[in-house]
Amino acid sequence: MVGGEFAAHVDRVRGDLLPWIPFAKTVVDEESARAYLQGYAERQAAGGGRIFGIWIDGELSGGTLFREFDAEAGVCEVGVWMGAAGRGRGLVTRAVRHMIDWAVRTRGIARVEWRCDPGNERSAAAARRLGFTLEATLRSAYVLDGRRRDVQVWALLAEEWPA
């Protein structure tokens, strides 16, 4: 994934992402897209995060990421996004399954978290499909579009992951 491609993708799906995904507001051109991706490249080099694209027919359509990855503590957080045209194909679910499998089996992660706005029903449904358990709703946990928002915390423990 390169800056120009990511910027064009975010521009195409911005309307789908704005209610839920903060980078939909901050990635507005090639320069900001490069900076966003560079941040993940640096985090990956330090062992602290990764970002992956999902392409459909050669076009970037969505993605997944390890928003946080702390192998020492054994905890990571996955995040996802998908433009409307790519939804309903199981691509996000399949990609996150691979991520969880790698995190648990290869890196020894004990706890995988998934966080989403309580109103983001698609995100919550994906977490459920993957076997996550809703543990809590953190009230007034972050700001998006100038207003305080709640966030659901879902978790999947390594011992719950299929052998």
Practice prompt. With no solvent and one equal point scatterer placed on each C-alpha of the chain, evaluate the Debye formula and give log10 I(q)/I(0) for q = 0.13, 0.14 Å⁻¹, two decimals.
Written response: -0.62, -0.73
Practice prompt. Specify the angular offset, from 0 to 90 degrees and rounded to the nearest 10, of the alpha carbon long axis of helix 91-101 from the longest principal axis of the alpha carbons in the chain.
Written response: 40
Worksheet item: Per-residue ellipticity at 222 nm for the chain, helices alone: DSSP H runs ≥ 4 residues times -39500 (n - 2.57), over residue total, nearest 500 deg cm²/dmol?
Response: -10000 deg cm²/dmol
Worksheet item: Against the longest alpha carbon principal axis of the chain, how many degrees, from 0 to 90 and to the nearest 10, is the axis of helix 3-17 turned?
Response: 80
Worksheet item: Around S61, what is the net charge, scoring Lys/Arg as +1 and Asp/Glu as -1 over all other residues with Cβ under 12 Å from its Cβ?
Response: -1
Worksheet entry | Pairwise label distance in nanometres, E31 with T133, each label 7 Å out on the Cα-Cβ vector | 4.8
Item to complete: Just the number, please: carbon plus sulfur as a percent of the accessible area of the chain, 1.4 Å probe, no ligands or DNA/RNA counted.
Response: 49
Worksheet item: Given the C-alpha centroids of the range 107-163 and the range 1-66, what is the distance between them in whole angstrom?
Response: 20
Response to the item:
In degrees rounded to 10, the 0-90 angle between helix 30-45 Cα long axis and the longest Cα principal axis of the chain is 20
Practice prompt. Subtract the Cα-Cα distance of V2 and R105 from 0.36 nm times their separation in residues, and report this length gain in nm to one decimal.
Written response: 34.2 nm
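The values are calculated or read from the model by the stated rules, or taken from the named source; none is laboratory data. It should be emphasised that the depicted structure is a prediction, and the values quoted were computed from it without experimental measurement. Positions of Cβ are generated from backbone atoms using ideal geometry, with glycine treated the same way; all protein chains shown enter the neighbour counts. The protein model used for the area step is the full one, side chains on, heavy atoms only, and it has no ligands, DNA or RNA in it. Shrake-Rupley method; radii C 1.70, N 1.55, O 1.52, S 1.80 Å.
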